[in-house]
Each structure stands twice: as C-alpha cells, then as structure tokens.
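Here's the structure, in structure tokens; my notes come after.
The values are calculated or read from the model by the stated rules, or taken from the named source; none is laboratory data. Everything quoted here is computed from the prediction, not taken from an experiment. Heads up, the Cβs are rebuilt from the backbone with ideal geometry, glycines too, and the neighbour counts pull from every protein chain shown.
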Amino acid sequence: MSELVFDSVSVRYGRMTAVDGVSLTVPAGKVVGLVGESGSGKSTLARAAVGLSPVSGGRVLLGGTDVRQLPRRRPLQMVFQDPYSSLNPRMTIGESITEAMPRGAFPGRAARRAEVARLLELVNLDPDRAEHLPGQMSGGQRQRVALARALAGQPDALIADEITSALDVSVQGAVLNLVRSVQRQLDLSMLFISHNLAVIRYLSDLVAVMYLGRIVEAGPAEQVLTDPQHPYTRDLLDAAPSAHKPLFDLEPSTTADAEPPDPHHPPAGCRYHPRCPVGPLVRNDRELCLRADPAEDAAPRRHVAACHFSESGGHEPAISRGASV
C-alpha cells in the first residue's frame, strides 16, 4: 500500500478548466470517497492520475513518486464505470487478466494460469470462466473481471470510478461487498468515485466533495455526512432519498430552478453562490460570496470547507492539504 496524493492538480481542455488546483490525499490503506454531481470533475481527476487526461498543473504522487515517472506497469490501477468497454471483446477473460500482469512476475504458462485462477476466485468467479469471452458474461460478472484485471497489475493503490452505476440494483450490493472485502484483504489505498452518498458512506473512511472542478469539503466520512459544513454537501444529502422522506420532494425550493454555472466561465467569488440556498441569492447580507473566493482561506475551517459562513476553527484533516480545496 502507498499514499496517493493529488498536489494542486489542474486539468484544462482549451479554455475550460475541468479540474482546478485540487489537493487531495488518499492515505495508505484507506478508502477516500469522492462525491459530486455529473460534470464536477471527479472522473477527469481519476483519469489524470492514470495518464488518460493531461495534467496541466500540479502533480499526482504515489508513494512520493510522480506517477509520470513510474514504469509502464504502474502500481496504480483503475476500474472503469463500463466493464464491457474496458475489456477486449475478442480476448478471453484469462487472456485479458494475463495481459495486465507485470512482465516477468509469473514466468511460465502454468504460473500465469494459476494466478488467473487465484484472481478469479478472489473476485468470487469460477476459474473456469477464464476461457469465456466478455460477451458471454453478465454485467456484474464483467465488473468482477475488470476488478481482477486491475488487481493483476499488483497495484499499491486503486481507483474505482462509478463501478456500480451501470449495474442492476440487484447486483450492486454484491459488487460493493466484494470491493470492500478485497480492499481490506489486500490493504489497498483506494479512491472510490460515486454520486451515490449511500455507497460513499458504506465504503469510505474519508470523504471529499467536488463541485465545478474543486474540492469544497473534505474530512472523515462520518463527520462530513452527519455534520456537513458546505451548503453543497448539505444539498447533496437533502437530495438523497431516505426512509424518512419521499423519493420525490415536490416542495418548491428557492434554488431549485438555478442552473449549474457554465464551466467555461465559472462565477467569481464562491463558485456555488448562484445555487446556494443560504448565500446572496436569498440573503442580501452575504455579498461577500459574490466577490471573495472562500477557497483561499479554507484551511482553518472545519472540513476545510470552501464556504465563508461555515464553522471556523479546528485542524486541517489529513485528506486535504493546502487551501486549494
């Protein structure tokens, strides 16, 4: 296991900044849940870590080493949302897993075959599945294969990007239980990305909340999810269905009709102010949000919250460093 660190990472596509100066730490052997709505930059940050998106600024470090300097067979692996697109449809399951093994790690065909069988058993699949093609398997089985393939690279850290969102509800729980079991068994450092707060709560030791390319709140999972300091985090929690409220809340909201800002032209000051239910949209005495960026002095606030009116004080948690939240 190794610590995975995003050090002021930015990702730009032309004039649009998809990820803006994100600093985030995944401690060794821990699970960090990264949550936010679609378009917040979660997947872009993950793809930057594994070299699939260009890092325009900052660094991604694994065990203190810039990932761009790691060998081709990187000790950082990623499991994607769509398991079918991440597997070659013309290769058998065994061939796909074997391809991901570090060169020379298992000399000889028999050793590689035995390792494939071990990995399939680890993800609760029959080793006989090694001869099957991806198209012969269900979505849940393919996602297990994708996990086995990632583990074949012998990673120190693993990134899982919305890996249950494409699965039937009936199999999501089984895959989540598998992920938690494998993470604990192998003591992996893991960045788990999801828009589902129930999933984040179930798996994560720490939580980071992302909005419009930035981390707006971060801290221990139980603290963030029970005592959120940023209005966006509270809105995410309020929007999540629960046993105590109906699935669809039809009560009118002051900010319900507010559209997300254009990521090409993020608003000045607090990026959430055009949608904030406690900001200048509804309170005339909070014009500070229109002109001052709360991320610049977020470090001393609880959960490093990028909000001028969150509770102040406390210490910066290990999950996030610096004021660039």
| said: For the structure I just gave you, tell me whether Cys276 is closer than 11 Å to Pro231 by Cβ, assigned to a helix (DSSP H, G or I) and at pLDDT 90 or above. | reply: no
| task | At least 3 residues that are in contact with a Ser or Thr (Cβ under 8 Å, 6 or more places away or on another chain), modelled with pLDDT of 95 or more and under 26 Å from Arg184 (Cα atoms) in each: list the strands (runs of 3 or more DSSP E) lying fully within segment 1-112 that qualify. | result | 4-13, 16-26, 31-35
| note | If we ask which residues in segment 150-183 are in contact with a Gly (Cβ under 9 Å, 6 or more places away or on another chain) and either in a loop (DSSP other than H, G, I, E, B) or surrounded by fewer than 23 Cβ atoms within 10 Å (Cβ to Cβ) (or both), their number turns out to be 11
| said: Checking the conditions here, which among Ser85, Ser53, Ser38 is hydroxyl-bearing (Ser, Thr, Tyr), without any contact (Cβ under 8 Å) to a residue 60 or more places away in the chain and loosely packed, with under 15 Cβ neighbours inside 10 Å? | reply: Ser85
| query | In segment 96-114, which residues are surrounded by fewer than 17 Cβ atoms within 10 Å (Cβ to Cβ) and more than 28 Å from the chain's Cα centre (by Cα)? | reply | Arg103, Gly104, Ala105, Pro107, Gly108, Arg109, Ala110, Ala111, Arg113, Ala114
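Residues are listed down the side, and each one gets a yes or a no for (1) closer than 16 Å to Val209 by Cβ; (2) outside the structural domain of Leu206 (by TED's automatic domain parsing); (3) not in a loop (DSSP other than H, G, I, E, B):
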| position | (1), (2), (3) |
| --- | --- |
| Cys270 | yes, yes, no |
| Arg283 | no, yes, no |
| Cys289 | no, yes, yes |
| Glu296 | no, yes, yes |
| Pro300 | no, yes, no |
| request: Tally the residues that are among the acidic types (Asp, Glu) and under 12 Å from the mean Cα position of the chain (by Cα), restricting the search to segment 160-176. | output: 2
| said: Which pairs turn up if I take residues in segment 276-303 that are small (Gly, Ala, Ser) and look for partners that are not in a loop (DSSP other than H, G, I, E, B) with beta carbon separation below 6 Å, at least 6 apart in sequence or on another chain? | reply: Gly279/Cys289; Ala298/Val304
| Just a yes or no: is a residue in segment 187-195 in a helix (DSSP H, G or I), under 25 Å from Ala152 (Cβ atoms), assigned by TED's automatic domain parsing to the domain that holds Gln141 and not charged (D, E, K, R)? | no
